[in-house]
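Trainee: Have a look at this one.
The values are calculated or read from the model by the stated rules, or taken from the named source; none is laboratory data. Since this is a predicted model, take the numbers as computed values, not measurements. Methodologically, a virtual Cβ is constructed for each residue, glycine included, from the backbone with ideal geometry; neighbour enumeration extends over all protein chains shown. Ligands, DNA and RNA are excluded from the accessible area calculation, which covers all protein heavy atoms including side chains. Shrake-Rupley method; radii C 1.70, N 1.55, O 1.52, S 1.80 Å.
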Amino acid sequence: MSILKEVFQHLAEQGRTAFMPYITAGDPDAATSWRLLEILADQGADVVELGVPFTDPLADGPDNQKAAMRALRRPVGLVDTLRLAEKAKRQLGLPIVLFSYYNSIYSYGLDKFRNICRQGYLAGLVVPDLPFEESAPLKKVLTGSGVDLVQFISPTTPAGRRRKIAAAAQGFIYYVSLTGVTGRRQALAVGLRRQVEEIRRIAGLPVAVGFGISNPAHAGRVACFADGVIVGSALVSLVEKFGRGKKLYNAFSALAGRMARAVHGARNSELPVSPKF
Amino acid sequence: MTLPNKNGRFGDYGGKFVPETLMTALAELEAAYRRFKGQTAFKRELDDLRRRFAGRPTPLYFAERLTRLAGGARIYLKREDLCHTGAHKINNTLGQGLLAARMGKKRIIAETGAGQHGVATATIAALLDKTCDVYMGEEDVERQRLNLFRMELLGARVKIVKLGSRTLKDAMNEAIRDWVTNVQDTYYLIGSTAGPHPYPEMVRDFQSVIGCETKKQCRQLMGKLPDYLVACVGGGSNALGLWHQFLKDKKTKLIGVEAGGRGQAAGEHCSTLSKGRPGILHGSLSYLLQDRRGQVLPTHSVSAGLDYPGVGPEHSYLKDSGRAQYVSVNDKEALRAFRLLAKTEGIIPALESAHAVAYAVRLARKLDKRKVIIVNLSGRGDKDVEQMFSKGR
């Protein structure tokens, strides 16, 4: 069974939603990223999305672009991110989903990447510029590795296409809550709940919602109906604000904690929901 | 077989490497393009605009003094610099503009490097009464300020991109981010044969009017096909526009001229096909200037329009198949050719096109007098005069 399947099954049994924070590896340096991963583990992150810094992150808004630029002040990339991922899995037991633009993987070499995936520390892969039509070569590499290739569905994805993507999906569906790039927004998209429920029904997989979830109140609301809540920019922006060191750790820990409690507590205030997998 | 195939591939290259949110928009665009491109009314309207608005056909001009000076093959110039707005870019924006209008889009966005595509987009947006936003890197704004004013005069808003390399690459990143956000009512008018399918095919097709005219003009002027077609390559649209009609004429050699910049070291040039390796940027798989970690490298060229680390996927295919050959011309040679063409022929070329002129002169010297070289003079140099002036005469 894949790591992600196990994680979501376990959460489903408890009637809880997954808290899935995102950080960029090496932002602003590897030591700080490691400390942030420790904090996320302490605060009850269920899955961590770890971003590979890339020069041209075209699906990302300003917060994550700046995070990549901070990380890229040193020569870093996929290998450095994988080193962090492996340590996080082995020492903290965190399920890690690698968030990588396709060129970082393609440039590394698909065959070499196959060996990485077989080492067992990665739970999944999120590749924002790899739609499912182009994903066959990567999917082949992942076959039998236990690493799930996560597929996106967005508000612009029509019904027929949703079914095709759902059929190809593994691990969970990443539902992009709005048309746009990653980043903080004032309000959540309208009709989110209905979308998530419909996708869960056709995919038979957990649905995690990301893009634009900016504060604990947003996170809590989405957690009432989603299987996972992905929070990136709001956390990443703290690195810009506090740099590194104690101030950052305190602020990061506080926000991650509030987010985690909002997500994990969401369904207790409602009637128990039994997600169908 | 004409390429790309139905998946948008030229051999291994091309494809659609974009966020899911854009996939439906690309499918709609492709459907609209397939529907309208063969339609009589569409073709008639485009043809009419090409003639009466853009000033086509452009002349094929024998550069007699330049030929004498080089002392070898005969050099002809395809005068795209005489097009309305000063470059070949208008060929593409007319076609895509009409398409955007038929698709009912209210807003047009574009990226621009030298500003020529931005101006051509702002022009068609004015003509068709559309809102227009053009993304331009801060560094390019500094060196092509005149084009910024031109776009504003034409009613477009210029959005200055301050992150990343602050050139064409980041302008394109921002344009894609805008499109992802406003995809429902916005048409993204890409200016080169780059980007995800169907852009490389569509832009090439709209630009291929250059080669269609050239072929006809060759028959009239010299009664034979040319021996060499020389064009500068940034993203590669003027080159493919000239070459497309000649791809099957194997005796006509195709030479793409990339910007050699200041030197051979990484970050000093934009010789993507000569020095890059395949990678994914801006929606397609193609040659790319990148480091060993897959990070896209900074680039340099004196010409903003060639200052780009990627290249259109069809060029990658033509390189690997050997049908086209790619060479580099550095800043110095390009600047020399810029002045040379002005003094010998009374034509001030765009710095981009000056790269092609420089190579054509180098090539002509080595060839027999009966050989014919056609250079795509893709743009005029008015936009570069200020930059040249500040460099010192």
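Trainee: Among the residues of segment A:156-179, how many are in contact with a strand residue (DSSP E or B) (Cβ under 7 Å, 6 or more places away or on another chain), within 9 Å of chain B (Cβ to nearest Cβ) and over 21 Å from A:V47 (Cα atoms)?
Mentor: Of the residues in segment A:156-179, 2 are in contact with a strand residue (DSSP E or B) (Cβ under 7 Å, 6 or more places away or on another chain), within 9 Å of chain B (Cβ to nearest Cβ) and over 21 Å from A:V47 (Cα atoms).
Trainee: So, of the residues in segment B:317-333 that are open to solvent by 50 Å² or more (accessible area, probe 1.4 Å) and farther than 25 Å from B:T112 by Cα, which turns out to be nearest to the other protein chains (Cβ to nearest Cβ)?
Mentor: Filtering first and then ranking leaves B:D320.
Trainee: Another question about this same structure. Which condition from (1) open to solvent by 10 Å² or more (accessible area, probe 1.4 Å); (2) within 22 Å of B:S208 (Cα to Cα); (3) not in a strand (DSSP E or B) is the one that B:R336 breaks?
Mentor: (2)
Trainee: Does A:A67 meet the test of being modelled with pLDDT of 95 or more, farther than 29 Å from B:W179 by Cα and surrounded by 20 or more Cβ atoms within 10 Å (Cβ to Cβ)?
Mentor: Criteria not met by A:A67.
Trainee: In segment A:33-50, which residue that is open to solvent by less than 10 Å² (accessible area, probe 1.4 Å) and touching a helix residue (DSSP H, G or I) at 6+ places or on another chain (Cβ under 7 Å) is nearest to A:A226 (Cα to Cα)? Spell out how you get there, then give the answer.
Mentor: Initial filter on segment A:33-50 (open to solvent by less than 10 Å² (accessible area, probe 1.4 Å)): A:33, A:36-37, A:39-40, A:47-50.
Right, trim to touching a helix residue (DSSP H, G or I) at 6+ places or on another chain (Cβ under 7 Å) and you get A:33, A:36-37, A:39-40, A:47-48, A:50.
On the way: A:S33: 27, A:L36: 25, A:L37: 23, A:I39: 24, A:L40: 20, A:V47: 14, A:V48: 17, A:L50: 21 Å.
Among residues in segment A:33-50 that are open to solvent by less than 10 Å² (accessible area, probe 1.4 Å) and touching a helix residue (DSSP H, G or I) at 6+ places or on another chain (Cβ under 7 Å), the one nearest to A:A226 (Cα to Cα) is A:V47.
Trainee: Say whether the condition of being surrounded by fewer than 24 Cβ atoms within 10 Å (Cβ to Cβ) and either touching a Cys at 6+ places or on another chain (Cβ under 7 Å) or farther than 13 Å from B:G234 by Cβ (or both) is met by at least one residue in segment B:302-316. Working first, answer last.
Mentor: Applying the first criterion (surrounded by fewer than 24 Cβ atoms within 10 Å (Cβ to Cβ)) to segment B:302-316 yields none.
Scanning segment B:302-316 turns up no residue that is surrounded by fewer than 24 Cβ atoms within 10 Å (Cβ to Cβ) and either touching a Cys at 6+ places or on another chain (Cβ under 7 Å) or farther than 13 Å from B:G234 by Cβ (or both).
Trainee: Next question, about the same structure. Of the numbered conditions (1) open to solvent by 10 Å² or more (accessible area, probe 1.4 Å); (2) within 12 Å of chain A (Cβ to nearest Cβ); (3) in a loop (DSSP other than H, G, I, E, B), B:P196 fails exactly one; give the number of that condition.
Mentor: Here B:P196 clears every test but (1).
Trainee: Can you name every residue in segment B:180-193 that is in contact (Cβ under 8 Å) with a residue 12 or more places away in the chain, assigned to a loop (DSSP other than H, G, I, E, B) and at the interface with chain A (Cβ under 10 Å from one of its Cβ atoms)?
Mentor: Across segment B:180-193, the qualifying residue is only B:V183.
Trainee: Here's something else I'd like to know. Look through A:V196, A:V190, A:V147 and report the one residue that is closer than 30 Å to A:P216 by Cβ, more than 12 Å from chain B (Cβ to nearest Cβ) and surrounded by 17 or more Cβ atoms within 10 Å (Cβ to Cβ).
Mentor: None of the other options fit; the residue is A:V196.
Trainee: Tell me, which residue of segment B:143-202 that is of a type in the set (S, T, N, Q) and under 16 Å from the mean Cα position of the chain (by Cα) is modelled with the lowest pLDDT?
Mentor: By that ranking, first place goes to B:T167.
Trainee: Could we say that A:A85 is more than 14 Å from chain B (Cβ to nearest Cβ), open to solvent by 10 Å² or more (accessible area, probe 1.4 Å) and out of contact with any Lys or Arg (no Cβ under 6 Å at 6 or more places or on another chain) here?
Mentor: So A:A85 does not fit the description; no.
Trainee: Follow-up. Regarding A:G61, is this residue open to solvent by less than 20 Å² (accessible area, probe 1.4 Å), modelled with pLDDT under 95 and in contact with a strand residue (DSSP E or B) (Cβ under 8 Å, 6 or more places away or on another chain)?
Mentor: yes
Trainee: Quick test of your reading of the structure: A:M259 fulfils all but one of (1) surrounded by fewer than 24 Cβ atoms within 10 Å (Cβ to Cβ); (2) more than 14 Å from chain B (Cβ to nearest Cβ). Name the failing condition by number.
Mentor: Failing condition for A:M259: (1).
Trainee: Hey, another quick one. Looking only at strands (runs of 3 or more DSSP E) that lie completely in segment A:84-172, which have at least 2 residues being more than 20 Å from B:G283 (Cα to Cα), in contact with a Gly (Cβ under 9 Å, 6 or more places away or on another chain) and not aromatic (F, W, Y)?
Mentor: Fully inside segment A:84-172 and qualifying: A:96-99, A:122-126.
Trainee: Considering each of B:I109, B:I176 in turn, give the residue that is open to solvent by less than 40 Å² (accessible area, probe 1.4 Å), closer than 26 Å to B:P19 by Cα and in contact with a Ser or Thr (Cβ under 8 Å, 6 or more places away or on another chain).
Mentor: On the way: B:I176 fails: in contact with a Ser or Thr (Cβ under 8 Å, 6 or more places away or on another chain).
Within the list B:I109, B:I176, the selection yields B:I109.
Trainee: Oh, and also: Keeping to segment B:135-181, report how many residues are touching a Pro at 6+ places or on another chain (Cβ under 8 Å) and among the charged types (D, E, K, R).
Mentor: 1
Trainee: Mind counting the residues in segment B:123-153 that are farther than 26 Å from B:S301 by Cβ and open to solvent by 60 Å² or more (accessible area, probe 1.4 Å)?
Mentor: Total meeting the criteria: 4.
Trainee: Here's a follow-up. Do you know which residues across segment B:33-54 are over 22 Å from the mean Cα position of the chain (by Cα) and either outside any helix (DSSP H, G or I) or at pLDDT below 95 (or both)?
Mentor: Result: B:G38, B:Q39.
Trainee: While we're on this one: Looking at segment B:82-162, what helices (runs of 4 or more DSSP H) fall wholly within it and have at least 3 residues that are among the aliphatic types (A, V, I, L, M)?
Mentor: B:89-102, B:116-128, B:145-153
Trainee: Would you be able to tell me the number of residues in segment B:4-21 that are within 7 Å of chain A (Cβ to nearest Cβ) and among the basic types (K, R)?
Mentor: Looking only at that region, the number is 1.
Trainee: Looking only at residues that are in contact with a Phe, Trp or Tyr (Cβ under 8 Å, 6 or more places away or on another chain) and more than 14 Å from chain A (Cβ to nearest Cβ) in segment B:22-45, which one is surrounded by the most Cβ atoms within 10 Å (Cβ to Cβ)?
Mentor: Ranking the candidates gives B:F36 first.
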